[in-house]
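The structure appears below as structure tokens.
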Amino acid sequence: MTTATATNGFTGELTRFIRFFLQELKPRGKWLTPFNVISIPTILLGLAILYVRFTQGLGSVTNLNQQFPLGLWISFDVITGVAFAGGAYVITFAVYVMRVEKYHPIVRVTVLNGLLAYIFYAGALTLDLGRPWHIINPIIGNSYGYNAVLFLVSWHFLLYMLTMAVEFSPVVAEWARLEKVRKFLSGLTLGAVIFGITLSILHQSGLGALFLMAKPKIHPLWYSEFIPILFFVSSIYAGLAMVVFEGTISHRVFRSLIPKDSHHSYEAIILGLGKGAAVTMFVYYFLQALIFIHEKRWQLITDFWGVWYLIEVLGFVLVPCVMFAYAVRNRNIGVVKVAATLALLGIILNRLNVTMIAFNWYAEHRYYPSWQEYVVTLMVVFTEIWVFRWVVTRMPVFSKT
Amino acid sequence: MEFYTYVNIFETKGLEYLLLMSFLVLFILLLRYLTSGKEKKAAAEERRRYQPTDALE
């Protein structure tokens, strides 16, 4: 009798949830917006290109070859995208471990951003694998090497995605009005955060460590045995800059969803993030300078590659670092936003230099991404924004219900 | 008897040491710079604003 009642209760709850979910799937708001007009055709075209890619192979839509196996999809989507997702572990560390309550209002949206970035950008890895069905090999133990950096990175990607899903799950439970489930999931948050920080530190640096074996192929200005440390430190300010950038857009687009008291703390949050970015960029800049001197790179900065390197390090690290510091001291939010944009451009430039531009720098025939690669990259970004928008307009991401 | 009349700053890694020392000094200066000026005034103002009124009475 009791079992039958429990089954009926569960079925009733499940039916209610399915109805609720179907209701939530219905589109809301205006359809004819500039973003929709640009993103929908791009996503459709990207899907058509992916169909060709999976039926006729990588060579049919990309300019990749044996000499240039890493293209735009790996460089931008995976390597750069994962650095941008660094905000999730930095903010959760500040809020749940250091108890800096000032950043509490942005925890949910930052974790959501991180989760989606990993799902879409790290997920885009499958597009670039010649035989994508082999992606499961490191997980199921089929012909993998325990000592391989890629083994670490692939396991960490999987575990970190699951960890962020756990971190975000109380929001989903709150949205679905499952109070008992929400309480249970909230209890897991601190453990998940600590586990997530450990994973992040290791795989952010692990992504850099992947390039340690490519010493003869990477220009000596970008190759260094300290690449893992550089990747890790830069992921901290990349994440902070991304939170500022995303927060600025969200604050404008989703203004009505953000509670009024959060509007007041917005300035303090942005300035706090700017301060964190200034300090981290300062450390990163000095690490770059130390490596430069330690590896005696003086003679390398006289040609085109030297100028290109100086543009990256001075123009997109030192300049935004100074701008962040100036903006924080003078409480100038506008300058923080400009500095964040510059810092993000610097991260893109750095990751593309290591993986694509300064990779095989001596080659006679260079790699240039095909138009299909650009379209698919845009498709991944737009799809992520679509999912992000769907989630924040339905779930209590900016505020608790 | 030989004397050290010449010190190669590159061979002795002297530049690395100088850079590290300047980093430590500049890092402290940066932190001081970031926590002074308007930022410090604003933090003090914020503390004053959230101070309970009965404490002043």
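Structure data summary
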{"item": "Inter-label distance for A:Ile301 and A:Arg394, nm, one decimal - labels placed 7 Å from Cα along Cα-to-Cβ", "result": "5.3 nm"}
{"item": "GNM flexibility winner over chain A from A:Leu72, A:Leu188, A:Leu344 (Cα, springs under 10 Å)", "result": "A:Leu188"}
{"item": "Shape parameters for the protein assembly as shown, alpha-carbon atoms, Rg then Dmax in Å", "result": "24.7, 103"}
{"item": "A:Val322-A:His134 FRET efficiency (beta carbon distance; Förster radius 51 Å; 0.05 resolution)", "result": "0.65"}
{"item": "Rounded to 10°, Cα long-axis angle of helix A:319-330 versus longest principal axis of chain A", "result": "50 degrees"}
{"item": "Additional length obtainable on full extension of the chain from A:Tyr368 to A:His294, 0.36 nm per residue less Cα span", "result": "23.4 nm"}
{"item": "Shape call, the stretch A:41-114: gyration tensor on alpha carbons, a/c limit 1.5", "result": "prolate"}
{"item": "Calculated FRET value between B:Leu31 and A:Glu267, using beta carbons and R₀ = 22 Å, to 0.05", "result": "0.55"}
{"item": "Extended-chain gain in nm, criterion 0.36 nm per residue less alpha-carbon gap, A:Leu212 and A:Ile311", "result": "33.3 nm"}
{"item": "Efficiency of FRET between A:Glu13 and A:Val338 - r from beta-carbon atoms, R0 51 angstrom, step 0.05", "result": "0.55"}
{"item": "Averaged over A:288-299, number of beta-carbon atoms from partner chains that fall within 10 Å", "result": "2"}
{"item": "Positive minus negative residues near A:Glu295 (Lys, Arg vs Asp, Glu; Cβ under 11 Å)", "result": "0"}
{"item": "Contour minus Cα-Cα distance for A:Leu44 and A:Lys180 (0.36 nm per residue)", "result": "44.9 nm"}
{"item": "Amide H contacts under 5 Å for A:Ile218, placed H, 5+ residues apart", "result": "A:Asn360"}
{"item": "Ranking of A:Phe324, A:Phe35 by count of other Cβ atoms within 10 Å, fewest first", "result": "A:Phe35, A:Phe324"}
{"item": "Shielding score for A:318-330, defined as the mean number of other chain Cβ atoms within 10 Å", "result": "2"}
{"item": "Residue mean of other protein chain beta carbons inside 10 Å, A:265-275", "result": "1"}
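Read the figures in this text as sums done on the coordinates, not as results from a lab. Not measured: the values here are computed from a predicted model. We place every Cβ from the backbone using ideal geometry, glycine too, and count neighbours over all the protein chains shown.
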